[in-house]
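*Asks:* Dropping a structure here in structure tokens format, bear with me for questions.
The values are calculated or read from the model by the stated rules, or taken from the named source; none is laboratory data. What you see is a predicted model; the values in this text were computed from it and never measured. Neighbour counts are summed over all protein chains in view; Cβ atoms, including those assigned to glycine, are modelled from backbone coordinates with ideal geometry. With ligands, DNA and RNA removed, areas are computed over all heavy atoms of the protein, side chains included. Shrake-Rupley method; radii C 1.70, N 1.55, O 1.52, S 1.80 Å.
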Amino acid sequence: MKSDKMFNESVTNKEEFWREQAEQIEWFKKPTKILTDDEINYPTWFADGELNTCLLAVDKHVNDGFGEQVAIIYDSPVTNRIIKYTYSQVLEHVSKFAGGLKNLGLDKDDTAIIYMPMIPESVFAMLACARLGVTHSVVFGGFAPQELAIRIDDCNPKAIITASSGMEVSRRIPYLPFVKEAISLSEFKPEHIIAFDRKLLGNRVDFKNDSALTDFEKLMTESEPADCVSVESSHPLYILYTSGTTGKPKGVVRDNGGHAVAMKFSMQNIYGAKPGETFWAASDIGWAVGHSYSVYGPLINRNTTVIFEGKPIGTLDAGTFWRVIEEHKVSVMFTAPTAIRAIKKEDPDGNFVKKYDLSSLRTQFLAGERCDVATLDWYEEFVGVPAIDHWWQTESGWPMLGLMPGIEDVKIKRASAGKPIPGYNIKIFSEEGYELEAHHEGYLVIKLPLAPGAMMGIWGDEERFKSGYLTRFPGYYFSGDGAIKDEDGYIFVTGRVDDVINVAGHRLSTSEMEEVVSGHKEVAECCVVGIDDDLKGQIPFAIAVLKSGSKIEEKTLEKEIVQLIREKIGAVASMKNAMVVNRLPKTRSGKILRKLIRTMLDAKEYQMPSTIDDESIVEELQTKMEEYKNKSL
Ligand SMILES: CCC(=O)SCCNC(=O)CCNC(=O)[C@H](O)C(C)(C)COP(=O)(O)OP(=O)(O)OC[C@H]1O[C@@H](n2cnc3c(N)ncnc32)[C@H](O)[C@@H]1OP(=O)(O)O
């Protein structure tokens with residue numbers, strides 16, 4: 001198999017392999033050092049190379065004569081608009097907006113937060129930052145002001161780029177007011193708030209009477225264009241926050257050089273997208289999928305990318321995805337299994353699918369969470385193109401497990417995320433760090449170095465980077481996921497081995513939710529676990545012990561906790577359930593037995609943990625859970 005050969009080359013002859021891949025992109029200064037160690041002995045790619053990511057994504061294509069090719073299709077069923085931008089138009093917008101940022105004093109020593117909905121201006125803002133070497137940090141719009149404030153205090157942005165509002169189906173999301181609230185909560189105060197006024201949605205921005213605000217559109221139309229700045233390969237292109245096992249999110253740092261090489265490599269070899277074709281990743285730009293495959297990957301590969309401001313169902317109906325594929329002749333698509341599950345639920349017999357001509361669609365990729373077999377079956381039956389589940393993380397920025405239809409015919413094994421992708425030497429380890437044979441479940445780890453484009457560290461927190469990823473198994477990256485390998489080398493990812501949960505493809509921390517729940521004035525102690533959900537894969541479930549003497553009703557507490565989580569973390573957490581118990585099951589040393597709680601809530605078979613301090617609590621809990629279920633029905 002071509003991919004097996006490529007994989008072997010990438011791990012045995014890594015420097016030569018990645019030197020060749022680096023030839024596929026343009027550099028201001030070609031790297032001569034392919035693989036070196038940084039100051040903490042963490043492997044770094046292309047250390048002495050210099051380049052600019054915006055140049056690769058935009059200017060290069062215009063210079064090569066493709067200025068009239070459509071670069072971005074903005075498809076917004078929520079505002080009923082479709083707008084197309086050619087590469088030349090994108091270059092004009094991006095270079096002028098970059099000029100505006102430069103006039104405000106932003107340069108490659110600065111960071112900027114982008115908190116925006118799915119509109120082309122968000123992409124222009126990302127590319128303009130990349131053009132100047134300003135490190136951007138896109139924050140997903142579904143997060144509440146407090147979450148934004150945490151990120152402001154962590155990366156100290158010189159500017160926040162936002163919009164007046166967003167549109168969630170038919171609900172207006174007040175982005176700018178959220179930004180103002182976040183800044184009132186944060187200790188660090190950014191110098192500039194740049195706001196894009198979405199006139200169409202009403203609620204106009206009053207630039208005249210609010211001197212703290214800079215008008216995005218004016219900045220973009222009235223500034224002189226700025227050129228691409230040459231940055232070192234390891235210069236941070238972006239910081240993207242993701243949830244960890246503790247409450248505070250981690251700012252994953254991505255470089256420019258390794259990332260650009262990985263984007264080009266993956267678009268061609270994994271996704272098999274040919275330059276000029278339309279590639280659609282239906283993800284928000286606030287997630288890693290949105291960064292890599294709605295923005296940088298397709299643009300670097302000279303594809304047309306679709307920026308979709310809508311939902312798989314409800315904008316307008318369950319046929320929206322198929323309408324977009326037909327209308328824009330999408331060749332390769334990427335989405336989260338939750339999206340397909342939502343469509344399947346609404347359209348079990350594929351009636352909406354049948355209305356559209358999907359002949360342009362070659363391959364469907366799925367990631368963000370594990371895809372269940374029933375969803376894959378539905379997809380195969382009604383859509384009829386290969387649906388390839390693959391696995392990666394915000395930390396890697398691109399696939400670590402998958403198949404490579406870009407270079408060969410692939411054999412899909414349902415429920416597997418595929419085989420290791422070149423550059424990712426994946427092993428399954430036991431608790432003690434021994435490699436496990438096929439069919440034994442263990443920890444998914446990756447021998448260092450990771451491939452180019454994978455995380456360079458955690459913003460401002462070297463210790464957390466080392467302790468979270470590098471010390472559990474020295475010489476290996478600890479992914480936090482469990483997995484099983486089969487005799488053919490296919491890997492089946494079994495889920496997180498820590499307290500991180502995955503809700504509709506959104507990675508969230510239960511510790512962070514526990515901090516919020518325990519902040520409720522009636523709660524003495526609590527625990528939040530992820531339980532199975534037919535639609536979203538997992539959803540959080542809170543269990544609380546009340547303070548002594550508290551008289552609050554369970555239903556009232558539940559309502560207040562749900563509201564508190566929405567306010568402090570965001571609607572995206574999808575917290576719906578909170579149950580009151582007299583006590584939590586614990587080990588003799590006082591650790592909450594979360595796995596036991598989770599298994600019982602999922603009504604699965606459980607074993608009595610040998611470390612439990614009082615076995616009688618299990619029956620007590622069982623009775624309480626049944627009562628709760630009966631009340632909720
Ligand atoms: C491989 C590397 C990675 O894993 S990177 C991460 C990849 N993950 C993804 O791309 C996420 C995939 N999921 C999705 O795109 C969405 O969940 C899909 C499938 C489209 C469904 O969306 P939706 O119906 O809104 O459900 P949801 O569970 O996402 O939302 C729950 C509540 O949050 C809200 N929300 C969502 N997005 C925003 C936003 N940008 N701004 C403000 N609010 C947002 C939703 O409206 C929803 O609210 P409510 O509970 O209905 O009131």
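*Asks:* How many residues does the stretch 216-245 hold that are in contact with a strand residue (DSSP E or B) (Cβ under 7 Å, 6 or more places away or on another chain) and either modelled with pLDDT under 95 or open to solvent by 30 Å² or more (accessible area, probe 1.4 Å) (or both)?
*Replies:* Final tally of qualifying residues: 7.
*Asks:* Another one. Output the residues belonging to the stretch 106-126 that are within 18 Å of the chain's Cα centre (by Cα) and either among the hydroxyl-bearing types (Ser, Thr, Tyr) or surrounded by 24 or more Cβ atoms within 10 Å (Cβ to Cβ) (or both).
*Replies:* If the condition is that a residue be within 18 Å of the chain's Cα centre (by Cα) and either among the hydroxyl-bearing types (Ser, Thr, Tyr) or surrounded by 24 or more Cβ atoms within 10 Å (Cβ to Cβ) (or both), then 113, 114, 115, 116, 117, 118, 122, 123, 126 are the ones that fit.
*Asks:* Same structure, new question: Restricting attention to the stretch 441-463, report how many residues are among the β-branched types (Val, Ile, Thr) and open to solvent by 10 Å² or more (accessible area, probe 1.4 Å).
*Replies:* 1
*Asks:* Evaluate the stretch 306-328: report whether one residue or more is more than 9 Å from the ligand (Cβ to nearest atom), surrounded by fewer than 24 Cβ atoms within 10 Å (Cβ to Cβ) and among the hydroxyl-bearing types (Ser, Thr, Tyr).
*Replies:* Yes, the stretch 306-328 contains a residue that is more than 9 Å from the ligand (Cβ to nearest atom), surrounded by fewer than 24 Cβ atoms within 10 Å (Cβ to Cβ) and among the hydroxyl-bearing types (Ser, Thr, Tyr).
*Asks:* I want to confirm something. Restricting to the stretch 145-197 and keeping residues that are small (Gly, Ala, Ser) and not in a helix (DSSP H, G or I), which single residue is farthest from residue 317 (Cα to Cα)?
*Replies:* Only one residue tops the list, namely 186.
*Asks:* Output yes when any residue across the stretch 463-486 is within 30 Å of residue 25 (Cα to Cα), free of Cβ contacts under 8 Å to residues at least 40 places away in the same chain and more than 22 Å from the chain's Cα centre (by Cα), and no when none is.
*Replies:* yes
*Asks:* Continuing with this model, one more query. Please find, within the stretch 517-557, the residue that is farthest from residue 594 (Cα to Cα) out of those that are within 16 Å of the ligand (Cβ to nearest atom), in contact with a helix residue (DSSP H, G or I) (Cβ under 7 Å, 6 or more places away or on another chain) and not in a strand (DSSP E or B).
*Replies:* Per the stated criteria, the residue is 535.
*Asks:* Does the stretch 263-303 hold any residues that are more than 9 Å from the ligand (Cβ to nearest atom), among the β-branched types (Val, Ile, Thr) and in a helix (DSSP H, G or I), and which are they?
*Replies:* Residues satisfying the conditions are 270, 295, 300.
*Asks:* Which of (1) modelled with pLDDT of 95 or more; (2) within 16 Å of the ligand (Cβ to nearest atom) does residue 371 not meet, given it meets every other one?
*Replies:* So residue 371 meets the others, but not (1).
*Asks:* Name the residues in the stretch 470-493 that are within 16 Å of the ligand (Cβ to nearest atom) and either on the phi < 0 side of the Ramachandran plot or open to solvent by 10 Å² or more (accessible area, probe 1.4 Å) (or both), would you?
*Replies:* 477, 479, 481, 483, 491, 493, listed by residue number.
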